[in-house]
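Novice: Before I ask anything, let me first share the structure, which is written out below as structure tokens.
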Amino acid sequence: MRKCYFDHIATNPLHPDVLDAMMPYFKEEFGNPLSVYDLGMNARDAIENARTSVASLINTKPSTIVFTASGAEANNFALRGIAIAKQNQGKHVIVSKVEHHSILNSARFLEKNGFAVTYLPVDKYGLVDPDVVKDSITKETILISVAHASSEIGSIEPIKEIAAIAKERNIIFHTDAVATTGNIPVDVNELGVDLLSMAAHQFYGPKGAGVLYVREGLRIAPLIYGGIQEGGRRAGTENVPAIVGMGKAAELAKNEMGKRMEHCKRLRDRLIENALKIPNVYLTGHPANNLNKRLPHHASFVVEFIEGEAMLLMLAMKGIYAASGSACSSKALKSSPVLLSLGIPSALAQGSIVFSLGMGNTDEDVDYFINEFPQIINRLREMSPFAKGWGEAGEGEKCYTG
């Protein structure tokens, strides 16, 4: 049976060159970066080289890169660190309704601790309206956080416009760029952001390595207290192999980005075109033909009369690996809050399916999907008590519009 991994938004396989770069730091170069002898200095140099590579990926100075253990930690660090540092200036935070759980749950934590939080609505494509951001700002607003792109629907937000509004009002702006960094060009200066989160495993690096970019001169309270690591901003003995791996992955991503985007978009477009030939299948997120509006490797749908979990199981039985909703919530049998925010009815949102492609995918993988996916949909609808007469509908719609 063919194996087709279409879940790169959840995680990626480790690039062979990244593994090669990491291996010495598991064995010979095992020193603690704070040690003053050669083993420690070698480890410290490796970290600083990785910091330079990551900084180059997003066009910033190495001193603005703070290594974390994940994108989720970076998001928590951004929200809670700024809230604590700026609480004497105000206690109002703005986030969107389509954020990752690490943002939304951090916002709820702040609410429980005396902060007011505004949750921005989105349009049918999952996009935040900058004018709504502007109208949501109060004298108490200290932080705005909007994801660069949604891992669930693939839509790319107008970050540059929102950041400009925040800067004009002297408000700190953070973007969760876990889904974008290493997959599309990300330049912190062009975007105008103060804080940006990323994760190595999204661009063929190791799990357990993330980064929070902190604009030079910006004061932020540590999330983890202890030693002097990361300039006193993130305590704990550094995970040297993972950091080295993230640096190598960043270097490769910068050099290969154009090729990766072109490869994934071509396969993605074929997948979308053929999936939408199935009746009552709708694309979620922004239409795919604009690289500025949707991630090039991302395709997401809702399928009428079928539950996403059932599709996942039957696809897996055919060797096709996908996702339903975000990776952190796919085990929860409830409608995705992201899809509900788009105005998609709860029953239809239950039929969520997400495919994300990578450099290991081929035309033969997409051919296999094109053959198997309609058969799986037909089989599940034949079993569904809600699908009577479904075949009378026309071809699937380009995008769900209500």
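Novice: (1) out of contact with any Phe, Trp or Tyr (no Cβ under 9 Å at 6 or more places or on another chain); (2) within 30 Å of Arg268 (Cβ to Cβ); (3) open to solvent by 20 Å² or more (accessible area, probe 1.4 Å): which one isn't true of Asn113, the others all being true?
Specialist: Result: Asn113 passes all but (2).
Novice: Which residues, counting only those in the stretch 150-181, are touching a Lys or Arg at 6+ places or on another chain (Cβ under 8 Å) and crowded, with 22+ Cβ neighbours inside 10 Å? Please lay out each step first, then the result.
Specialist: So in the stretch 150-181, the residues touching a Lys or Arg at 6+ places or on another chain (Cβ under 8 Å) come out as 154-156, 165, 172-173.
Passing the criteria: Gly154, Ser155, Ile156, Ile172, Phe173.
Residues are listed down the side, and each one gets a yes or a no for (1) touching a residue at least 12 places away in the same chain (Cβ under 8 Å); (2) open to solvent by less than 80 Å² (accessible area, probe 1.4 Å); (3) closer than 29 Å to Val178 by Cα:
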| residue | (1), (2), (3) |
| --- | --- |
| Cys4 | yes, yes, yes |
| His8 | yes, yes, yes |
| Leu14 | yes, yes, yes |
| Ser35 | no, yes, no |
| Asp38 | no, no, no |
| Ser53 | yes, yes, yes |
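Novice: Identify the residue in the stretch 92-110 that is of a type in the set (Val, Ile, Thr) and under 20 Å from Ile165 (Cα atoms) and, among all such residues, is surrounded by the fewest Cβ atoms within 10 Å (Cβ to Cβ). Even if it seems obvious, please write down each step before you answer.
Specialist: Pass one, the stretch 92-110, residues of a type in the set (Val, Ile, Thr): 93-95, 98, 103.
Now restrict to residues that are under 20 Å from Ile165 (Cα atoms): 93-95, 98.
On the way: Val93: 27, Ile94: 26, Val95: 24, Val98: 31.
Restricting to residues being of a type in the set (Val, Ile, Thr) and under 20 Å from Ile165 (Cα atoms), the top hit is Val95.
Novice: If you scan the stretch 378-402, which residues turn out to be hydrophobic (A, V, I, L, M, F, W, C), part of a loop (DSSP other than H, G, I, E, B) and either open to solvent by less than 20 Å² (accessible area, probe 1.4 Å) or modelled with pLDDT of 70 or more (or both)?
Specialist: If we filter the stretch 378-402 for residues that are hydrophobic (A, V, I, L, M, F, W, C), which is where we start, we get 380, 383, 386-387, 390, 393, 399.
If we keep only those that are part of a loop (DSSP other than H, G, I, E, B) as well, we get 386-387, 393, 399.
Within the stretch 378-402, Phe386, Ala387, Cys399 meet the criteria.
Novice: Would you be able to tell me the number of residues in the stretch 116-147 that are open to solvent by 10 Å² or more (accessible area, probe 1.4 Å) and either without any contact (Cβ under 8 Å) to a residue 40 or more places away in the chain or of a type outside the set (A, V, I, L, M) (or both)?
Specialist: 19
Novice: Say whether the condition of being surrounded by fewer than 21 Cβ atoms within 10 Å (Cβ to Cβ) and touching a Ser or Thr at 6+ places or on another chain (Cβ under 6 Å) is met by at least one residue in the stretch 55-62.
Specialist: Yes: one or more hits.
Novice: Among the residues of the stretch 246-284, which ones are under 30 Å from Pro62 (Cα atoms), hydrophobic (A, V, I, L, M, F, W, C) and in contact with a helix residue (DSSP H, G or I) (Cβ under 7 Å, 6 or more places away or on another chain)?
Specialist: Those that are under 30 Å from Pro62 (Cα atoms), hydrophobic (A, V, I, L, M, F, W, C) and in contact with a helix residue (DSSP H, G or I) (Cβ under 7 Å, 6 or more places away or on another chain): Met246, Ala249, Ala250, Leu252, Ala253.
Novice: Same structure, new question: Can you tell me which condition Lys259 does not meet? The list is (1) free of Cβ contacts under 8 Å to residues at least 12 places away in the same chain; (2) buried (at least 22 other Cβ atoms within 10 Å of the Cβ), and all the others hold.
Specialist: (2)
Novice: OK, next. Within 19 Å of the chain's Cα centre (by Cα), farther than 30 Å from Glu140 by Cβ and open to solvent by 10 Å² or more (accessible area, probe 1.4 Å), is that true of Ile184? It would help to see each step written out before you state the result.
Specialist: Numbers: within 19 Å of the chain's Cα centre (by Cα): yes; farther than 30 Å from Glu140 by Cβ: yes; open to solvent by 10 Å² or more (accessible area, probe 1.4 Å): yes.
Taking the combined requirement at face value, the residue satisfies it.
Novice: Look through the stretch 130-146, keep the residues that are assigned to a loop (DSSP other than H, G, I, E, B) and of a type outside the set (A, V, I, L, M), and return whichever of them is farthest from Val338 (Cα to Cα). Step through it out loud before you land on a result.
Specialist: If we filter the stretch 130-146 for residues that are assigned to a loop (DSSP other than H, G, I, E, B), which is where we start, we get 137-140, 146.
Checking the rest, the ones that are also of a type outside the set (A, V, I, L, M) come to 138-140.
Working: Thr138: 25, Lys139: 29, Glu140: 27 Å.
Filtering the stretch 130-146 for residues that are assigned to a loop (DSSP other than H, G, I, E, B) and of a type outside the set (A, V, I, L, M), the one farthest from Val338 (Cα to Cα) comes out as Lys139.
Novice: Follow-up. For the stretch 57-84, what are the residues that are closer than 29 Å to Lys112 by Cβ and of a type in the set (D, E, K, R)?
Specialist: We begin by selecting, within the stretch 57-84, every residue closer than 29 Å to Lys112 by Cβ; these are 66-84.
Hits for the stretch 57-84 are Glu73, Arg80.
Novice: Here is a further query. What about Ala74, is it open to solvent by less than 10 Å² (accessible area, probe 1.4 Å) and either in contact with a His (Cβ under 8 Å, 6 or more places away or on another chain) or over 23 Å from Ser150 (Cα atoms) (or both)? Talk me through it step by step, then tell me what you get.
Specialist: Numbers: open to solvent by less than 10 Å² (accessible area, probe 1.4 Å): yes; either in contact with a His (Cβ under 8 Å, 6 or more places away or on another chain) or over 23 Å from Ser150 (Cα atoms) (or both): no.
The answer is no for Ala74.
Novice: I'd like the residue in the stretch 209-226 that is open to solvent by 40 Å² or more (accessible area, probe 1.4 Å) and not charged (D, E, K, R) and, out of all such residues, is farthest from Leu79 (Cα to Cα).
Specialist: Taking the stretch 209-226 and keeping what is open to solvent by 40 Å² or more (accessible area, probe 1.4 Å), we get 215-217, 219, 223-226.
Subset that is not charged (D, E, K, R): 217, 223-226.
Numbers: Gly217: 17, Leu223: 10, Ile224: 14, Tyr225: 16, Gly226: 20 Å.
Among them, the one singled out is Gly226.
Novice: In addition: Of the residues that make up the stretch 107-114, is at least one modelled with pLDDT of 95 or more, of a type in the set (Asp, Glu) and within 20 Å of the chain's Cα centre (by Cα)?
Specialist: The first filter runs over the stretch 107-114 and keeps only residues modelled with pLDDT of 95 or more, leaving 107-114.
Right, trim to of a type in the set (Asp, Glu) and you get 111.
If we keep only those that are within 20 Å of the chain's Cα centre (by Cα) as well, we get none.
Taking every residue of the stretch 107-114 in turn, none turns out to be modelled with pLDDT of 95 or more, of a type in the set (Asp, Glu) and within 20 Å of the chain's Cα centre (by Cα).
The values are calculated or read from the model by the stated rules, or taken from the named source; none is laboratory data. Note that the structure is a prediction, hence the values are computed from the model and not measured. Cβ coordinates were reconstructed from backbone atoms using ideal geometry, including for glycine residues, and neighbour counts include every protein chain displayed. For accessibility, only protein heavy atoms count, side chains too; no ligands or nucleic acids. Shrake-Rupley method; radii C 1.70, N 1.55, O 1.52, S 1.80 Å.
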